[in-house]
1. Per the helix-only calculation at 222 nm, which mean residue ellipticity applies to the chain, given -39500 (n - 2.57) for every DSSP H run of n ≥ 4 and division by its residues, nearest 500 deg cm²/dmol?
2. What angle do you read, to the nearest 10 degrees and between 0 and 90, between the alpha-carbon axis of helix 108-164 and the longest principal axis of the chain?
3. Over all directions, the average projected area of the alpha-carbon convex hull for the range 6-133 comes to how many nm²?
4. Given the pairs 70/124; 14/124; 25/130; 70/127; 110/130, which span a C-alpha to C-alpha distance of over 23 angstrom in this model?
5. Among 182-193, 302-313, how do they line up by average Cβ neighbours within 10 Å per residue, starting with the highest?
6. Report ³J(HN,Hα) in whole Hz for each residue of the range 290-298, in order, from the Karplus equation J = 6.51 cos²θ - 1.76 cosθ + 1.60 where θ = phi - 60°; Gly and Pro get x.
7. Considering only 107, 119, 16, whose Cα is most displaced toward the positive end of the charge dipole of the range 6-133, charges sitting on Cβ of Lys, Arg (+1) and Asp, Glu (-1)?
8. If I take R0 = 22 Å and measure r between the Cβ atoms of residue 228 and residue 275 in this structure, what FRET efficiency does the formula 1/(1 + (r/R0)^6) give, to the nearest 0.05?
Amino acid sequence: MKKKNKIIIVDDEKSVRESMEMILKDKYELLIFTRGDEILKEFQEDMADVALVDIKMPGMSGIELLKQFKTMDEDLEIIMITGYGTLNSATEAMRNGASAYVNKPFSKDKLIEIIEEKIKKREKSRKKKKRLVELENVKKSLDERTKGFYSSTVNSLLAAIHAKDGYTSIHSEQVARYALLILDACASFIKLLPEEKDIFRYLVSLHDIGKIGIPETVLGKDRKLNSQEWEIIKKHPEIGVSIVNPILNPMSALKDYICIIQDHHERYDGTGYPNGKKGDEIPLLACIISIADVYHAMRSNRPYRKALSKKETLKNLRAGRGTHFNPKILDIALKILEDYGD
Ligand SMILES: [Fe+2]
């Protein structure tokens, strides 16, 4: 048997309550109250489909009760019961979200017709709400799957870097570690959500992914590179972009992060590569990587030179203030690297 729809009746007049009960009791489950404050004590969202509320009641008025109902259950269909001289109040009630009003004395058929219409409306909005919740859940599970997809794609690419060049693999991890510390110290003006920080971390660890496309004779050379070889190395940011772009493309919001790969060798004075971007043209996220990248490179032993001491490295970074590096980010990064850099 179909469950009966629930109707709240709030009316201070005994005769009205009784006549409504008589008319409606066979068809609906009735929750009958004499005052607004009485129902509000036990009212909760989705408690009923329709409320029949008398406009003129001692204590809390019907309009006040209507407003309270709407804050607690915005989809509750509220029909105001109006008597002589309350037409203005009925108009006010409609403005405040009432679904309809019925004049006293009311006919049984008319009242049931309005209630049925409002029940249908309520069921429709309930279905819509349910659908929205379902969609939200689908979106959440897709987000989770996308996240999983991203981390496994990044891991595959990191494994590819590792297979190609062990140094670049260690370097990428360390640069990501320093870059995250610097990013946190810039939190007052670079505001990223936790999910955006995850993307930042993924892409920093892939900042040199383009080196996969550089010949091993150049990448693994144990002497200083000649100018021709440098030109080849300089291609790695753009190769990196072409590797990572297909992953980012479907999500346009992620495109803001491609600078991490594309611009990490740009210099503040415009002498960097690949595009010779200058000053504020270089996104701040790329400026962070640039510092972390140079710091770790200088602190590493390379076949063609020994690692610089921490003191020398910091001195070199300082010397690049405003030429190689964004001065604002550098000042913050130096403090971080002095304390936490290896
Ligand atoms: Fe690089």
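Read the figures in this text as sums done on the coordinates, not as results from a lab. All figures in this text were calculated on a predicted structure; none of them were measured in a lab. Cβ coordinates were reconstructed from backbone atoms using ideal geometry, including for glycine residues, and neighbour counts include every protein chain displayed.
1. Helix-only estimate at 222 nm: -18500 deg cm²/dmol.
2. Taking Cα atoms only, the helix is inclined about 10 degrees.
3. With every direction weighted equally, the projected area is 7.4 nm².
4. In this structure, 14/124; 25/130; 110/130 lie more than 23 Å apart at Cα.
5. Most protected by this proxy first, the peptides run 182-193, 302-313.
6. So the Karplus estimates, Gly and Pro as x, are 3, 5, 4, 5, 5, 4, 5, 4, 5 Hz.
7. 119
8. The formula returns an efficiency of 0.60 here.
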